1. How much of the accessible area of the chain, probe 1.4 Å, is carbon plus sulfur, in whole percent?
2. Quick one: Debye curve from the C-alpha atoms of the range 178-217, no solvent, what's log10 I(q)/I(0) at q = 0.18, 0.29 Å⁻¹?
3. If I model a spin label as a point 7 Å beyond the Cα along the Cα-Cβ vector, how far apart are those points for residue 314 and residue 37 in nm?
4. Report, to two decimal places, the Cα Rg of the chain normalised by 2.2 N^0.38 Å (N = number of residues).
5. Do the alpha carbons of any pairs in 69/112; 24/49; 112/281 sit beyond 26 Å of each other, and which pairs?
6. With each run of n ≥ 4 DSSP H residues scored as -39500 (n - 2.57), what mean residue ellipticity at 222 nm is computed for the chain after dividing by its residue count and rounding to the nearest 500 deg cm²/dmol?
7. Using a probe radius of 1.4 Å on heavy atoms only, what accessible surface per residue do you get for the range 13-115? Whole Å² is fine.
8. Can you list residues whose amide H is under 5 Å from residue 251's amide H, if they're 5+ apart or on another chain and H is modeled 1.01 Å from N?
Amino acid sequence: MYKHSTQEQRRNQIETLYNAGITKGVDICQRTSIPKQTVYRVLNLIKDKKSLQRRRGAGRPSKIKANDKRRIAALYQSNPRTSLRSILPRLSSPVSIIILHAQVNRQNFVSKRAVLVPALTDLHVSKRIAWCKEMKCFDWSKTFFTDECSVWLDSRRVNLWIKKGQTVHLPTFRHPSKVHLWGRISIMRTTHLRIFPENFNQVVYISTLRECFIEDANAKYRDSWVLQEDNSPVHTGRAAKGWKTEFVPLRIDWPPNSPDLAPIENQWAVLKRRLIVLHPKTVSQLKQAIQDIWETFDPDFLRPFCTSMPKRIRLCLDNAGKKLIIDRM
């Protein structure tokens, strides 16, 4: 469609110049970027008083039949994972994979990396809707959003700009080193980031809250602050729950399988994207890079994450409790 519209524009441009008294092909070529062959072909049509409109059926006939085009669209709409090679045998006429790929693009299908999200059951969806309705008017100004994540030294997502035919081999490790992170953010500022090598369990979690959180939170909001955390077994275990009953004023009951509602998840995503660019080579470099990136998250950067909670809740309700795809609110 785009190609046809471009050709029509060229024909109209040539005709306009011709009617304005510029009748020589050389002069028209100098005034426009239209190929000389096209200019002279259109001029001949004008001189012979023939129509400049594109004739129906003009051009090279498609090698893919109309029923195959409909079959291609139906296959991708029913199963987006369908590969090009699996479609080839289903067509009534043999075509190359290059022609098939062009046809798929012509039908506005593009290949994109799938966004992996936790599966939601009907029970999860109903709980998310009920939670969002309950929290629509909640005041998030004194809430600390907390979470853990792991970062591997050997990132699998590496994009390179190389010449056609060139092959680049990157050394990888079978069991790459990793570090675990615990962080918390609030509307006012980044409060703390802890980097640790051991696996995250209830003992580590309690010590993290005790050493990195409670004193600072009490100093800022006294006993009126709120802790947000997901439903990880580390957070809901008997030891952790008992300790928080004594030292945490208020904890939000978070809906199951709902990382999309937590603003700190988006901050982890930003951190990991920036780490890929730095590509640290040792664990010490990885830790230093993480710390350096975290320190760049100033209050102006963090505030949109935390203030996005009302919008997240509204979108979740508008989406009937289904997953939200949120990069930066």
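1. On the way: 11230 of 21460 Å².
For the chain, the apolar C and S fraction of the accessible surface comes to 52 percent.
2. Calculated log10 I(q)/I(0) at the listed q: -0.50, -1.05.
3. Those two pseudo-labels are separated by 5.6 nm.
4. Details: Rg = 29.9 Å, N = 329, 2.2 N^0.38 = 19.9 Å.
Ratio of Cα Rg to 2.2 N^0.38 Å: 1.50.
5. Values: 69/112 21 Å; 24/49 16 Å; 112/281 29 Å.
Listed pairs above 26 Å: 112/281.
6. Numbers: 15 runs with 157 residues, N = 329.
Value at 222 nm, helices only, nearest 500: -14000 deg cm²/dmol.
7. Details: 7940 Å² over 103 residues.
Here the per-residue accessible area is 77 Å².
8. Close amide H contacts, sequence-distant or interchain: 227.
The values are calculated or read from the model by the stated rules, or taken from the named source; none is laboratory data. On a predicted model such as this, the values are computed, not experimentally measured, just so you know. All Cβ positions, glycine included, derive from the backbone under ideal geometry; neighbour counts span all protein chains shown. Accessible surface areas use protein heavy atoms only, side chains included; no ligands, DNA or RNA. Shrake-Rupley method; radii C 1.70, N 1.55, O 1.52, S 1.80 Å.
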